[in-house]
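Everything on this sheet refers to the single structure shown next.
The values are calculated or read from the model by the stated rules, or taken from the named source; none is laboratory data. As the structure is a computational prediction, the values presented were derived from the model and not from experiment. A quick note on method: Cβ atoms are made from the backbone with ideal geometry, for glycine too, and the neighbour counts reach across all protein chains shown. Areas reflect the complete protein model, heavy atoms only, side chains present, ligands, DNA and RNA absent. Shrake-Rupley method; radii C 1.70, N 1.55, O 1.52, S 1.80 Å.
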Amino acid sequence: MSGIIFYEGRNFQGRSYECMGDCADTFRHFSYCNSIRVMGGHWVVYEKPNYGGYQYVLNQGEYCDYHTWAGFNNCIRSCRMFPPYQGSYRIRLYGRPNMMGHHMDFMDDCPNVYDRFHYYDVCSCHVMEGYWVFYEHPNYMGRQYFLRPGEYRNCRDWGGYSTMVGSFRRVWTTRSTLAERVDGSFCPIVLPKSPQAHLA
């Protein structure tokens, strides 16, 4: 069963609210959020109402304080589920807006964008297959931006404040076993594929 429980206190204490689906504004249910328990499903929680502000991708597991989901603060104002995905992964990065300029295809995680893309900025992208997360800094640190399949003609399309993308990874939704990420959040354990990239 899919569901997510938000708690005002750390370690799952205090006022709580259980949500079973998308919610554009959580303010009437709780004032702030210091711990989260994901009972099932795959979620993106947002700092601001209507799916704005900081984004955090959460899978099934327990997050005892906001640091464990790499949170910048204890403010969660909206949340959204996304369905499981069992296919392949492909994303194309562009060095200029509107999917123009230098571009490169990826099918695997990338801990350092500059090392492989040779640009510090990602100005647009096309998610052809799978779900992905952009991170502001290398090694999956900093702001997170959840990407569904589709075209993103500028950084605002994925909720970004700048074109800086330091790393990115695939979002796996096909296994239930959990592992702790380097940033303290959790993700399913999946054996990595061999690095693949195509420079156009």
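Screening the candidates Val133, Val122 for the property of being under 16 Å from the mean Cα position of the chain (by Cα), in contact (Cβ under 8 Å) with a residue 24 or more places away in the chain and under 24 Å from His42 (Cβ atoms) yields one hit, Val133. Scanning segment 73-104 for residues that are part of a loop (DSSP other than H, G, I, E, B) and touching a Lys or Arg at 6+ places or on another chain (Cβ under 7 Å) turns up Arg77, Tyr89, Pro97, Asn98, Met99. Listed by position, the strands (runs of 3 or more DSSP E) inside segment 1-69 whose residues that are within 19 Å of the chain's Cα centre (by Cα) and closer than 27 Å to Gly160 by Cα number at least 2 are 3-7, 35-40, 42-48, 52-58, 61-63. Among the residues examined, Arg116 does not qualify as open to solvent by 10 Å² or more (accessible area, probe 1.4 Å), part of a strand (DSSP E or B) and basic (Lys, Arg).
Can you find even one residue in segment 40-50 that is closer than 18 Å to Cys75 by Cβ, of a type outside the set (Gly, Ala, Ser), open to solvent by 70 Å² or more (accessible area, probe 1.4 Å) and modelled with pLDDT under 95? Full working, then the answer.
At the first step, the residues of segment 40-50 found to be closer than 18 Å to Cys75 by Cβ are 43-50.
With the extra rule that they be of a type outside the set (Gly, Ala, Ser), the set shrinks to 43-50.
In the following step, the residues that additionally are open to solvent by 70 Å² or more (accessible area, probe 1.4 Å) were identified as 48, 50.
Narrowing further to those that are modelled with pLDDT under 95: none.
For segment 40-50, residues closer than 18 Å to Cys75 by Cβ, of a type outside the set (Gly, Ala, Ser), open to solvent by 70 Å² or more (accessible area, probe 1.4 Å) and modelled with pLDDT under 95: absent.
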